[in-house]
Each structure stands twice: as C-alpha cells, then as structure tokens.
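What follows is one structure encoded as structure tokens, with my remarks underneath.
Please treat every number below as a calculation from the coordinates, not as lab data. All of these numbers come straight from a predicted model, not from anything done at the bench. We place every Cβ from the backbone using ideal geometry, glycine too, and count neighbours over all the protein chains shown.
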Amino acid sequence: MSSRFQGRPAEDFDFQMIHYQKDAHKATITFNRPDQRNAVNYDMLMELQAAFQDVAWDDHIAVLVLTGAGKVAFCAGADLKEQQAFIRRPRDYYKWMEAFIRAHEMLRSLGKPTIARLNGMVVGGGNEFNMSCDIAVAAEHARIRQVGTSHGSVAAAGATQFLPLIVGDRRAREILLFNEWIEAQQALDWGLVNYVVPYARLDEKVDELAEKLYHKFPDKTRYTRQQINFWRDLSWGLTIQHARDWLAIHNTSPETWEGVEAFVDKRDVDYATLREKMAEGIDPGYHHGPPTQTCPQCGARHLPAGHQYCGVCGAELPG
C-alpha cells in the first residue's frame with residue numbers, strides 16, 4: 001500500500017543550491033555553491049529542509065551524508081552578500097533565521113544517523129552544520145573556524161550551545177573568543193571531528209562508516225540519537241529564539257556595520273576606532289554624532305549633532 005509518507009527519487013527534486021543523491025541505503029546532500037565556498041543563503045536553507053524531510057521519510061535510506069562541493073570548502077557559513085541586506089532590514093533577518101533554525105532542527109531530528117564529510121574549510125554556520133551531524137570525517141587539509149566576534153556577529157545558533165558539550169568549556173571559549181583556525185589534527189585531538197584521513201580516502205572512510213551504521217537496528221538507532229541529543233536540545237531550546245531576536249535587533253549595531261563593511265571593502269576591521277569612541281563616551285553607531293539637531297529653517301528633525309548644515313534645505317545649524 002502506498003503512503004504519502006514515503007521518500008521520492010532524488011531526481012524528482014529540482015534543487016539549485018544543493019545536490020541530492022541516493023545510493024542504495026545512503027543519501028548525500030551537497031552544499032552546491034563552490035564559487036561562494038558553499039555559503040548558505042535562504043534558498044539553500046529551504047532546499048535543505050525539503051531534502052531532510054525526504055531523507056526522514058524514505059525507509060530505504062539508513063544514513064545521511066552532508067558535504068560540500070569541491071575540495072576548498074565544506075561550508076563557509078552564511079552568505080555575507082545576502083546578510084548585507086539585513087543590516088537595513090533586520091526584520092528580514094528574523095525571517096531568515098527561522099529557515100536556519102528549522103534546517104538544523106530537521107537535521108538533528110532526522111531519525112537517522114548523519115555523517116559530516118568535511119572536504120575543506122568549515123567556517124561559522126558551516127561548523128554549526130558540522131556539529132548538528134552525529135559523526136564527522138575530515139580531510140587532512142580541512143580547517144575549522146568560528147568568526148562571530150571578529151566579524152560583528154555572535155555564534156548563537158549552534159556553536160555557543162554545542163561547542164562546550166563537544167570540546168569542553170575552556171576549549172569552547174578559546175574557539176569562540178579567539179576565532180583562530182583549527183587544523184584537522186587539532187580538531188581530532190579536541191573531539192570536534194571523529195576521523196581525519198587523506199582527501200583521496202575521504203569517500204572510502206565515509207562509505208565504511210555508512211555501512212557500519214546500516215547494519216544496526218533502525219528504531220533502536222533513532223531512539224539512541226534522541227537520547228544523546230538531550231543536552232543539545234535542552235541548550236538549543238532554551239536559547240535559540242532569544243538568539244534569533246537578539247541577532248535581528250543587533251543587525252543595526254555599529255559592530256555589525258563595521259564587520260560587514262570591512263568584508264565588502266576587503267579591508268581589516270577597525271577595532272581600535274570602535275574602542276576609542278567607546279572609551280571617550282561616544283556611541284560608535286553615530287559616525288557624525290547622535291541625531292539630536294533640528295533645522296531652524298525647515299524644521300527637519302533628527303539631524304546629526306556633528307553637522308553644520310541641514311541636509312534637507314542647506315540652512316546653517318546652531319550646532
């Protein structure tokens with residue numbers, strides 16, 4: 001008897017941002033934006049949700065492998081060109097974040113074991129996808145990095161919740177506060193990945209692990225994962241919606257502006273100026289002073305305190 005709760009052939013899906021493949025009992029989802037280092041955008045998140053649901057419903061599939069296209073990057077996190085628009089419309093970021101949250105929740109509650117095949121650099125949100133998987137296999141050249149405090153954001157959608165559980169509190173603080181690259185062997189030593197192999201043997205190792213997982217009782221495996229996920233689910237559930245709101249509101253903050261502008265301008269972040277303004281009691285969000293002036297000529301309000309002339313009518317301001 002047919003059921004609506006069945007998987008479909010992978011070819012049935014017209015995905016543009018991911019590549020979806022089924023091979024016997026293994027499904028593989030590939031972040032497929034190699035020219036953007038497989039960065040995640042909204043369209044990719046929606047495609048991931050559709051693919052995750054199909055994997056969950058397909059009883060022929062025992063294991064999911066998540067990886068990136070090419071050899072350079074597994075996933076470089078959120079697409080910063082898309083994120084740039086959210087500085088002007090933070091409410092749109094709030095909506096984008098819902099898609100990010102759902103994708104992760106569907107991945108972790110898939111009911112089937114998942115393997116992160118780390119084929120290259122793993123950055124920011126990319127590492128959060130890595131940590132949402134059960135097992136991680138890294139190529140020798142792969143590197144992992146969290147970048148939030150360097151780039152004007154906070155790793156509040158997985159990394160701050162999961163890293164203390166995976167690598168311990170002290171190492172989590174080092175990763176999140178210093179934002180330095182973690183080479184594959186160090187990631188293995190710290191427990192951030194399970195295996196490190198030469199790139200030429202990456203698929204062989206992933207297939208070996210997938211075969212082992214296939215020869216396990218599916219219902220027992222599903223419930224084992226559910227139990228193991230308790231602490232992740234607890235920390236995630238208590239913090240993720242707060243993080244969603246906080247990140248959306250702070251998209252208009254001077255730190256986020258500086259981080260994104262530095263990326264767009266391909267320059268170093270000017271941390272010193274931000275700190276100097278704060279030390280002098282100047283809000284770094286107001287490049288020309290707070291919007292406290294009113295034009296005596298035309299009545300325009302909220303003009304910067306540092307401006308000498310009205311930007312509407314050109315009249316001289318009292319200062």
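List 192, 234, 66 from most exposed to least, where exposure is judged by having the fewest other Cβ atoms within 10 Å. Numbers along the way, then the final one.
Numbers: 192 23, 234 12, 66 26.
Taking fewest neighbouring Cβ atoms as first place, the list is 234, 192, 66.
Within the chain, what's the longest run with no trypsin sites (Lys or Arg not before Pro) in a DSSP loop and at most 16 other beta-carbon atoms within 10 Å? Give the range, please.
Values: sites that count: 4, 71, 88, 216, 266, 267, 301.
With a cap of 16 other Cβ atoms within 10 Å, the longest stretch comes to 89-215.
Based on DSSP, what percent of beta bridges with both residues in the chain are antiparallel, to the nearest 5? Show your work: numbers first, answer last.
Working: 10 of 32 bridges.
Close to 30 percent.
Which entry in (i) 165; (ii) 188; (iii) 151 matches volume of the Cα convex hull per residue in Å³ derived from the coordinates of this structure?
(i)
Within segment 55-83, find all residues whose amide N lies under 18 Å from a label point positioned 7 Å from the Cα of residue 220 along Cα-to-beta-carbon.
62-63
Which shape class, rounded, prolate or oblate, goes with segment 46-167 when its Cα gyration tensor gives a ≥ b ≥ c as root eigenvalues, a/c under 1.5 marks rounded, and past that a/b bigger than b/c marks prolate?
Details: a/c = 1.75, a/b = 1.26, b/c = 1.39.
Cα axes put segment 46-167 in the oblate bin.
Convex hull volume of the Cα atoms in segment 100-238, per residue, in Å³?
Working: hull volume 13.9 nm³, N = 139.
Dividing the Cα hull volume of segment 100-238 by its residue count gives 100 Å³.
Return, in residue-number order, each cysteine of the chain whose C-beta is not under 4.7 Å from any other cysteine's C-beta.
Within the chain, the cysteines lacking a partner Cβ under 4.7 Å are 75, 133.
Rounded to the nearest 0.05, what FRET efficiency do residue 5 and residue 92 have when you use their Cβ-Cβ distance and R0 = 30 Å?
Values: r = 33 Å, r/R0 = 1.10.
With a Förster radius of 30 Å, E is 0.35.
Which loop-located GluC sites (Glu not before Pro) does segment 245-319 contain, where loop means any DSSP state but H, G, I, E or B and the Cβ has at most 11 other Cβ atoms within 10 Å?
Values: sites: 255, 258, 261, 276, 280, 316; in loops: 280.
Within segment 245-319, the qualifying GluC sites (Glu not before Pro) (loop, at most 11 other Cβ atoms within 10 Å) are 280.
So what J values fall out for segment 230-240 if you push phi through Karplus, 6.51 cos²θ - 1.76 cosθ + 1.60 with θ = phi - 60°, rounded to Hz, Gly and Pro as x?
My calculation for segment 230-240 gives 3, 5, 5, 5, 5, 5, 5, x, 7, 10, 5 Hz in order.
So how tilted is helix 202-214 from the main axis of the chain? Cα-based, degrees 0 to 90, rounded to 10.
Tilt relative to the chain: about 60 degrees.
Each label point is 7 Å from the Cα along the Cα-to-Cβ direction; what then is the distance between the points at residue 245 and residue 233, in nm?
2.4
So for 106, 121, fewest C-beta neighbours within 10 Å to most, what's the order?
On the way: 106 18, 121 22.
Ordered from fewest to most neighbouring Cβ atoms within 10 Å, 106, 121 come out as 106, 121.
Which ordering of 109, 3 is given by a fewest-first count of other beta-carbon atoms within 10 Å? Provide the component values of the computation, followed by the final result.
Values: 109 14, 3 7.
Final ranking by Cβ density, sparse to dense: 3, 109.
Compute the signed sum of charges (Lys and Arg +1, Asp and Glu -1) over the other residues within less than 14 Å, Cβ to Cβ, of residue 217. Write down the numbers at each step before the final one.
Values: positive: 112, 212, 216, 220, 222, 225; negative: 59, 219.
Net charge around residue 217: +4.
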